[in-house]
Structures are given as structure tokens and as C-alpha cells.
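S.K.: After the C-alpha cells below, expect a handful of questions from me.
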Amino acid sequence: NTLRFPDTTLRSVPTAANPAIAEQIQKFTVSLFNQVTASSATERVTAAIRALVLAGVPANRPAVAKRLRLSERTLQRQLEQESATFKVLYDTVRSELSQALLANRALKVETIAQSVGFAEVASFSKAFARWSGCSPTRYRERLASEGIAHD
């Protein structure tokens, strides 16, 4: 079976297009591509952390090392060789995912906090403010004013 579409149809923007969702799909695609093509330890660890967090599994050092089929010590040594730390990579992934999830106003901040590995909303809010310079609520307000947030 074959489906054929005119070029104009394939190049046109769908009437129900949502730029925020398109941006998240783009980020997810880049993430998957990076998992396949990751060459540095930093890239491999970041991809592993992202995959574990998205799967709802605690993305701690032992879990990441196991996923990469490395000992924890080898993982630490490889990151040290690239002047990287597990904590910084973990926080970077959680920051990126938090910002992406906050674009969806239908998700509660509590749910987002749990999704990225925080047991308490207060801890998440404090970390998010450190990462982005504002609270999760203020970040959502800014997205809404820019027309990026969606329900």
C-alpha cells in the first residue's frame, strides 16, 4: 500500500498545529538522536538520565551506570575526564524536562515535581528557581504571556 500526498499538503502547516507540542516533539527527537549518536561520556550519561527520568525510574548514579553497562567508578572517571559531574548533568536534564512540562498548563506543578524526581513541591520550586531564575508559577505565566503555554 502506498499513500501519496501533494507537496503543497506536506509543506503546509496543519490548522490545529500547536507550536509548543511541536517544540517538545523536536526536543524528544533530538534526544533520541543523541542517544544513538552520543560519543562523549557526557552525552551518553545525559541521554541515560533523560531516558530514566522519562520512564519514571530514579535516575541515580547506580541506575545510570547500570544502563550504560559501566561500574559507578568508571562512570565517575569518564565524567571527570570531561570535567563534568553527575549532579550537574542530572540537574540540567531535570531543568529541561521541567520547563517542557510546565508549558502544559493541564499538568499540576506537584505532578511535574514528582515526574522529574522531587518528593516535595517546595524542593522542586527552590531548584527550579535556581535553574531558571523564577518560580514554576512565574515561568508558566511568562510562557502564557508569550503564547507558548497550552492546555
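S.K.: Once you've got the GNM for the chain with C-alpha springs shorter than 10 Å, pick whichever of ALA129, ALA17, ALA113 has the biggest mean-square fluctuation.
M.R.: Between ALA129, ALA17, ALA113, it is ALA17 that shows the largest mean-square fluctuation.
S.K.: Using Cα-Cα distances under 8 Å and only pairs 6 or more residues apart, what relative contact order does the chain have, in percent?
M.R.: On the way: 116 pairs, mean separation 29.8, N = 151.
Value for the chain: 20 percent.
S.K.: Let me ask something else about it. What angle, in degrees between 0 and 90 and rounded to the nearest 10, separates the Cα long axis of helix 86-102 from the longest principal axis of the Cα atoms of the chain?
M.R.: It works out to around 20 degrees.
S.K.: Could you work out the helix-only [θ] at 222 nm for the chain, with each DSSP H run of four or more residues adding -39,500 (n - 2.57) and the total divided by the number of residues, to the nearest 500 deg cm²/dmol? Mind showing how you got there, number by number?
M.R.: On the way: 9 runs with 101 residues, N = 151.
Using -39500 (n - 2.57) per qualifying helix, the result is -20500 deg cm²/dmol.
S.K.: Please get the size of the charge dipole for the chain, origin at its Cα centre, with Cβ charges of +1 on Lys and Arg and -1 on Asp and Glu, quoted in debye to the nearest 20.
M.R.: In debye, rounded to 20, the chain gives about 340.
S.K.: Further question: How would you classify region 1-90 from its alpha-carbon gyration tensor, with a ≥ b ≥ c the square roots of the eigenvalues: rounded for a/c under 1.5, else prolate if a/b is greater than b/c, otherwise oblate?
M.R.: Numbers: a/c = 2.97, a/b = 2.71, b/c = 1.10.
Taking the square roots of the gyration eigenvalues as a ≥ b ≥ c, region 1-90 is prolate.
S.K.: Ok, one more. When only Cα pairs under 8 Å and 6 or more residues apart are kept, what is the percent relative contact order across region 69-151?
M.R.: Values: 57 pairs, mean separation 22.3, N = 83.
Relative contact order comes out at 27 percent.
S.K.: Can you give me the long-range amide H partners of ASN104? Hydrogens built in the peptide plane at 1.01 Å from N, cutoff under 5 Å, separation of 5 or more residues or another chain.
M.R.: Counting only residues 5 or more places away or on other chains, the set is HIS150.
S.K.: Further question on the same structure: Using a cut-off of 29 Å between alpha-carbon atoms, which lysines can reach LYS108, once sequence neighbours fewer than 8 places away in the same chain are excluded?
M.R.: Qualifying lysines at Cα under 29 Å: LYS27, LYS87, LYS126.
S.K.: Something else: Accessible area per residue, 1.4 Å probe, Å², for the chain: what's the number? Present the calculation step by step, with values, prior to reporting the outcome.
M.R.: On the way: 9830 Å² over 151 residues.
Computed with neighbouring chains in place, this is 65 Å² per residue.
S.K.: Helix 121-132 sits at what angle to the longest principal axis of the chain, using alpha carbons and giving 0 to 90 degrees rounded to 10?
M.R.: So the inclination is approximately 80 degrees.
S.K.: Right, another one. Take the alpha carbon gyration tensor of the chain, find the square roots of its eigenvalues, order them as a ≥ b ≥ c, and report rounded if a/c is under 1.5; if not, report prolate when a/b exceeds b/c, else oblate.
M.R.: Values: a/c = 2.44, a/b = 1.27, b/c = 1.92.
Oblate, since a/c reaches 1.5 and b/c is not below a/b.
The values are calculated or read from the model by the stated rules, or taken from the named source; none is laboratory data. Only a predicted model underlies this, so the values are computations on that prediction, with no experimental measurement involved. Neighbour counts run over all protein chains shown; Cβ positions are idealised from the backbone, glycine included. SASA here: full protein model, heavy atoms, side chains in, ligands and nucleic acids out. Shrake-Rupley method; radii C 1.70, N 1.55, O 1.52, S 1.80 Å.
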